[in-house]
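Below: one structure, written as structure tokens.
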Amino acid sequence: MDLRVGYELQYAFPQPTPVIQMLSVHFTRVSDLSMPDHVLVNPSVPISGYRDGYGNWCTRLLAPEGVIRITADSIVRDSGLPDPVFPDAMQVPVEHLPEEALVFLLPSRFCDSDRLLDLPWSQFGNTMPGWSRVQAVCDFVHNHITFGYEHTRVTRTASEGYQEGVGVCRDYAHLAVAFCRALNIPARYCTGYLSDIGTPPPMPPGDFAAWFEVYLGGEWHMFDPRNNTPRIGRVLIARGRDAADVAIATTFGPNTLQSFKVWTE
């Protein structure tokens, strides 16, 4: 199956402003691109790129004063199959984890697992370690948080998301990640494109999606507490400790986001 993925962002800047973007398809999916996802900027300005500490591709530019349009449009080859499920994947004891997974056991800016140590053990301590325990976490988070864009708050932590019981997909992912880390399961935050293929209409406006991955049975596996069901057409953009590591745009000055469009078709 071919997926058309892309975005169009329009900003207004009152002065020249440095911008870092993290919107390129992740290197693990680059071989699936049948058309490059080049970043196009209008008016044209020089852009450069680098890889961050987690392997994500970042784009740098100096936005000029005025209105600027940033867009990309690409084709990704996809299996067309739902997200895979591995119910026999078992939890790896901390002492046997690879060093690169250990950082994803620690509290982070939005996944404040140190504030949630007792709750997940009382809630999930009697579940089977491994895939079943992580799925129990997703079931709980899916039912506990009420979704709504009106509930968006970019400073909400996992513990606050638990207390408030509302949020968007990043809040579902943050709470599930924090619970897993408190349960000694390495968990990392993910963002990317997610299609509505296979879901009933009406389709919501396009947006980027958040999910997470956990280290079980010697591999990283994907979970999505917001939707909590295997989905078709998921394309990874970036991974990190939480949303602070994978912001789609970091601007170093005042600006107004005038329009925002995302498609995964």
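Suppose the filter is in contact with a helix residue (DSSP H, G or I) (Cβ under 8 Å, 6 or more places away or on another chain), modelled with pLDDT of 95 or more, surrounded by 14 or more Cβ atoms within 10 Å (Cβ to Cβ) and farther than 18 Å from ARG156 by Cα; does ASP242 pass it? For ASP242, the condition - in contact with a helix residue (DSSP H, G or I) (Cβ under 8 Å, 6 or more places away or on another chain), modelled with pLDDT of 95 or more, surrounded by 14 or more Cβ atoms within 10 Å (Cβ to Cβ) and farther than 18 Å from ARG156 by Cα - is not met.
The rows are residues; the columns are (1) more than 21 Å from GLU150 (Cα to Cα); (2) touching a Cys at 6+ places or on another chain (Cβ under 7 Å); (3) surrounded by fewer than 22 Cβ atoms within 10 Å (Cβ to Cβ).
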| position | (1), (2), (3) |
| --- | --- |
| ASP171 | no, no, no |
| ARG181 | yes, yes, no |
| PRO186 | yes, no, no |
| PRO204 | no, no, yes |
| TYR215 | yes, no, no |
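If only residues of region 79-135 that are aromatic (Phe, Trp, Tyr) and closer than 30 Å to LEU3 by Cβ are counted, the one that is nearest to the chain's Cα centre (by Cα) is PHE110.
When ALA182 is tested against (1) over 18 Å from VAL85 (Cβ atoms); (2) out of contact with any strand residue (DSSP E or B) (no Cβ under 7 Å at 6 or more places or on another chain); (3) free of Cβ contacts under 8 Å to residues at least 60 places away in the same chain, just one condition goes unmet, and that condition is (3).
If you go through region 45-68 and keep only what is more than 23 Å from the chain's Cα centre (by Cα) and touching a residue at least 60 places away in the same chain (Cβ under 8 Å), you end up with ALA63, VAL67. If you go through region 26-57 and keep only what is assigned to a loop (DSSP other than H, G, I, E, B) and out of contact with any strand residue (DSSP E or B) (no Cβ under 6 Å at 6 or more places or on another chain), you end up with PRO36, HIS38, PRO43, SER44, PRO46, GLY53, GLY55.
The values are calculated or read from the model by the stated rules, or taken from the named source; none is laboratory data. Keep in mind it's a predicted model, so treat the numbers as computed, not measured. Cβ coordinates were reconstructed from backbone atoms using ideal geometry, including for glycine residues, and neighbour counts include every protein chain displayed.
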